[in-house]
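Reading through the structure tokens given below for one structure.
The values are calculated or read from the model by the stated rules, or taken from the named source; none is laboratory data. Computed from a predicted structure; not experimentally measured. Don't worry about glycine lacking a Cβ; one is built from the backbone with ideal geometry, like all the others, and counts go over all protein chains shown.
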Amino acid sequence: MVQGFRQVPYNDLNAAREALSPATVAILIEGIQGEGGITTAAPDYLLGLRQLCDEKKLLLLMDGVQCGHFRTGRFQSFQRILEGVPNGERFLPDAIAMAKALGGGFPMGAFWVRDRYADLLGAGTHGTTFGGTPLACAVALKVLEVIHRDKLAENARTIGHYLQSELTRLAGKFPQVLSAVRGLGLMIGFELASNIPALAGNEKAPSIQFVNRLHEAGLLAIPAGNQKLRLLPPLNLRQQEAEEGIKVIEAVIARLAG
Ligand SMILES: Cc1ncc(COP(=O)(O)O)c(C=O)c1O
């Protein structure tokens, strides 16, 4: 953990307010928690944090490393979360950290800063060995071009919706294995029921055992905590591949429900 942060419960505006001290300069959150198990910020939480930061003159920083770059169907997750919410379009954090999908697999990180702070860091102020590398930037531009050309934001919405509705169907069919499904676009999480007999009595957490079974069956997923799994498929996942993936998940679940 990075020094100097106070951790507070997510989606709890009062907890954030109560954790402030005169030394607080910023609040940092993910729009959708990744490692935390795919918990999406409530629209009121985002708007409330913005108001709190304006009121106390704090920076509102967002980590879009995992949930950003069109994974939810919009460039940043907060844009998707706040769609159709009154005043939602006016919401802006002060800075956004980005990486992962930004370079489509090529190592790259970047951050966006709101206009009014854009001159605080001049060129060269924030030096890193590979900072500003033209090759990474060229790759990132190409990635953006392909996302636009192939309508991958729309794809993330459509296929994400399909996957979530299928997983919800499976949760209804096998409640003894799958207890909840959440996420937005192609950032999807599902929670395992507690005490699945076939996963009991093993030193490995249920989520890891489940992930291992998926891997053996040919599907890549990752755990989040002991009871949750994450699906973060590529944005160009096709319908047929999504159907194939669901078949694999269903087979693994059905064996566990046995
Ligand atoms: C939400 C989030 N933020 C930050 C990071 C770290 O990013 P980086 O490896 O680019 O520092 C990760 C994972 O690697 C992550 O999931």
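Structure notes:
- Filtered by the rule that a residue be assigned to a loop (DSSP other than H, G, I, E, B) and either modelled with pLDDT under 95 or more than 13 Å from the ligand (Cβ to nearest atom) (or both), the range 42-64 gives 42, 57, 58.
- The one condition in (1) part of a loop (DSSP other than H, G, I, E, B); (2) exposed (fewer than 15 other Cβ atoms within 10 Å of the Cβ) that residue 75 fails to fulfil: (2)
- For residue 71, the stated conditions hold: it is among the basic types (Lys, Arg) and within 14 Å of the ligand (Cβ to nearest atom).
- Conditions (1) part of a loop (DSSP other than H, G, I, E, B); (2) more than 16 Å from the ligand (Cβ to nearest atom); (3) free of Cβ contacts under 8 Å to residues at least 24 places away in the same chain: number failed by residue 105: (2)
- Sub-7 Å Cβ pairs linking a first residue in the range 146-158 that is in a helix (DSSP H, G or I) to a second residue that is among the β-branched types (Val, Ile, Thr), at least 6 apart or interchain, are 153/147; 156/72, ordered by first then second residue.
- Scope the range 172-190; condition in contact with a helix residue (DSSP H, G or I) (Cβ under 9 Å, 6 or more places away or on another chain) and under 30 Å from residue 78 (Cβ atoms); matching residues: 178, 179, 180, 181, 182, 183, 184, 185, 186, 187, 188, 190
Listed here are the residues, each with its yes/no results for (1) charged (D, E, K, R); (2) touching a strand residue (DSSP E or B) at 6+ places or on another chain (Cβ under 9 Å); (3) surrounded by 13 or more Cβ atoms within 10 Å (Cβ to Cβ).
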position: 198; (1), (2), (3): no, no, yes
position: 204; (1), (2), (3): yes, no, yes
position: 211; (1), (2), (3): no, yes, yes
position: 218; (1), (2), (3): no, no, no
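- All positions within the range 24-38 that are in a loop (DSSP other than H, G, I, E, B), out of contact with any Lys or Arg (no Cβ under 8 Å at 6 or more places or on another chain) and away from the ligand (no atom under 12 Å from the Cβ): 25
- Any hit, the range 131-141, residues being in the same structural domain as residue 42 (by TED's automatic domain parsing) and β-branched (Val, Ile, Thr): yes
- Of the residues screened, residue 111 is not one that is surrounded by 14 or more Cβ atoms within 10 Å (Cβ to Cβ), in a loop (DSSP other than H, G, I, E, B) and free of Cβ contacts under 8 Å to residues at least 40 places away in the same chain.
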